[in-house]
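The values are calculated or read from the model by the stated rules, or taken from the named source; none is laboratory data. For clarity, every value in this text was computed on a predicted model and none was experimentally measured. Virtual Cβ from ideal backbone geometry, glycine too; neighbours counted across all protein chains shown.
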Amino acid sequence: MPIIARVIETLTEANAARDAVLRCGVPPECVTLWSQADEAGGVRGNFLTGDCETGRSEPDEYDRRFKDFDTGARFTLSVTASDEQMPSVEAALATNKHDGR
């Protein structure tokens, strides 16, 4: 059976996409939603060192370097569906604004 996967930014959008797929008649055991987040932080914008103000830098350097970081995609939705169900699954996912192929 074909598998389709989508990467989605927020939990709200991920749950909406999952619900849309389930309304297509795909069994719940064929729909997997998992978080990419872990204790280390986001996929992008994460740092192990440098998250501190030091006396050796310019006053605005901290904000310039660290205030605007991107957390990246947080959730992956995977759907295993029959060939017959796949068009309706694709259509349901396409109507959600999260679609981040």
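For the range 1-11, a residue qualifies if it is at pLDDT below 90 and surrounded by fewer than 14 Cβ atoms within 10 Å (Cβ to Cβ), and the qualifying residues are M1, T10, L11.
Of all residues in the range 7-27, those that are over 15 Å from A94 (Cβ atoms) have Cβ atoms under 8 Å from Cβ atoms of residues that are part of a helix (DSSP H, G or I) and among the β-branched types (V, I, T), 6 or more apart or on another chain, in V26/V89.
Across the range 1-33, the qualifying residues are those that are assigned to a loop (DSSP other than H, G, I, E, B) and not charged (D, E, K, R), and the one among them that is farthest from D83 (Cα to Cα) is T10.
Among the residues of the range 80-101 satisfying the criterion of being of a type in the set (S, T, Y) and part of a loop (DSSP other than H, G, I, E, B), which is modelled with the lowest pLDDT? Across the range 80-101, the extreme among qualifying residues is T95. Is there a residue in the range 40-63 that is at pLDDT 60 or above, touching a Phe, Trp or Tyr at 6+ places or on another chain (Cβ under 6 Å) and outside any loop (DSSP other than H, G, I, E, B)? Checked against the condition, which is being at pLDDT 60 or above, touching a Phe, Trp or Tyr at 6+ places or on another chain (Cβ under 6 Å) and outside any loop (DSSP other than H, G, I, E, B), the range 40-63 yields no hits at all. Has the range 13-33 got at least one residue that is exposed (fewer than 11 other Cβ atoms within 10 Å of the Cβ) and at pLDDT below 90? The answer is no; no qualifying residue exists.
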